[in-house]
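Shown next, in structure tokens, is the structure this report addresses.
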Amino acid sequence: IGYFEDAGDAGDEYNFEPPKNQEVFTTLNLKARVDVAESFGDWATLRISHRFLIPQGLTAERNRRSQRKVVCPIVTFVTLKRGVRRIEFRTVVGNNARDHRLRVAFPTGIPCRESLAESVFAVVSRPTALPEAISPFELPVSTYPQERFLIVQGDGRGVALLNKGLPEYEVTPDGVIFLTLLRCVGWLSRDDLRSRLGHAGPPYEVPEAQCPGVHTFEYALVPFRGSWQEALPWLEAEAFTRPLLGARVAPGGSMPPSASLLEVHPPQIAVSAVKWAEDGSGIVVRLWNVTGEEIAANVTFWREVKEAWETNFLEEPLKPVRVEGRRVEFGMRPCEIKTMKIHFGG
């Protein structure tokens, strides 16, 4: 798992377009150098190095990849941490080629008709089969957008693939996940694509969109049993994309050795934001229900709550929320987003 696939790209910044005579290269049978980069009591890292030889770019006719090859070195660091379910990857690519798409592939061995991916305040389902064409102006594609994670599952098992800022993915019907690392093109928009009629934007050359130089990508794999709701991939994604930060503080103070600003129950309720209220009174907490089911939920704070209000996005109060000491209790509809303003006593 985690091999690399490189394909020619004759498209523009809007659409991937394979050249008429496509040629795809992978690292599947490419010998790699593997050594131990780190080895400690609580984590260890393997370093996997490839000299990936791929075409320099497209021919002048843009219908095939050039015969001249260049080396794009790829170094991947694979890290395991004690007590952490995810396998973390950091891939460093030296891009010396043009007009190509580089992806990392994870064959899961799980046949599936759909994939699931985090969107904006939602986890959405998308078919793995190529959709039927519904417009004469643009052909359907099998790649989709995502936020921090995607999921493939079946027969009581599954895999979640997390990412840091890598928004494009594809899942095939036989369960191979492709995560796009680089799309390197030289035009903002072209009008000679087979996949789209006419321009999608201004016909400008954009040489920096060829993405030359060194790039670093971070992603992680989380295998699980059961359903994705039980696997809690959004919590893994939160921990991976927003890790704890250490800070040196002065000694003293009255805080206990271990404390939490807030605790949310059940874990199917995700925290979107915690901030000071715009009017300076209290804090605002925004939550969303990851599931498609109605849930009774509560949030426990580090101190006594005086009152709590459900608000709109402008932080204007709508209705009071039940308060029990340090805890506020409320219900959430399927996929609901809820914003609450909390006032503390004392």
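For the reader, a short list of remarks on this structure follows.
- Helix-only [θ]222 nm of the chain, DSSP H runs n ≥ 4, -39500 (n - 2.57) each, per residue, nearest 500: -1000 deg cm²/dmol
- With both labels modelled 7 Å from their Cα along Cα-to-Cβ, the Val214 to Ser281 distance reads 5.4 nm.
- A full extension of the chain between Arg51 and Ala250 corresponds to an added length of 66.8 nm, given 0.36 nm per residue minus the alpha carbon distance.
- Filtered GluC sites (Glu not before Pro), segment 1-80: DSSP coil and at most 13 other beta carbons within 10 Å: Glu61
- Radius 15 Å from Cβ of Ala259, net charge of other residues (Lys, Arg +1; Asp, Glu -1): 0
- In segment 1-44, trypsin sites (Lys or Arg not before Pro) in a DSSP loop with at most 11 other beta-carbon atoms within 10 Å: Lys31
- With R₀ fixed at 45 Å, the C-beta to C-beta distance from His199 to Ala122 puts the FRET efficiency at about 0.90.
- Net charge, Ala237 excluded, C-beta distance under 11 Å - Lys, Arg +1, Asp, Glu -1: 0
- Using only side-chain charges placed at the Cβ, +1 for Lys and Arg and -1 for Asp and Glu, the dipole size of segment 176-308 relative to its Cα centre rounds to 260 debye.
- Charged neighbours of Ala297, selected by a Cβ distance under 14 Å, balance to -2 (K, R count +1; D, E count -1).
- Ranked by the mean number of other Cβ atoms within 10 Å of their residues, highest first, the peptides 213-220, 228-235 come out as 228-235, 213-220.
- Two-site FRET efficiency, Leu235 against Ala129, from Cβ-Cβ distance with R₀ of 30 Å, rounded to 0.05: 0.50
- Listed residue pairs exceeding 24 Å between alpha carbons, taken from Lys164/Lys341; Lys20/Lys164; Lys275/Lys306; Lys81/Lys164; Lys81/Lys338: Lys164/Lys341; Lys20/Lys164; Lys81/Lys338
- Under 17 Å from the Val206 label point (7 Å along Cα→beta-carbon), backbone N, segment 87-113: 98-102
- In Hz, Karplus ³J(HN,Hα) per residue of segment 197-211 (6.51, -1.76, 1.60; θ = phi - 60°; x = Gly, Pro): 8, x, 7, 9, x, x, x, 9, 6, 9, x, 5, 6, 6, 6
Every read-out reported here was derived from the displayed coordinates using simple, explicitly stated rules and does not represent laboratory data. These numbers were taken from a predicted model, which means no experiment stands behind them. Positions of Cβ are backbone-derived with ideal geometry, glycine not excepted, and every protein chain shown enters the neighbour counts.
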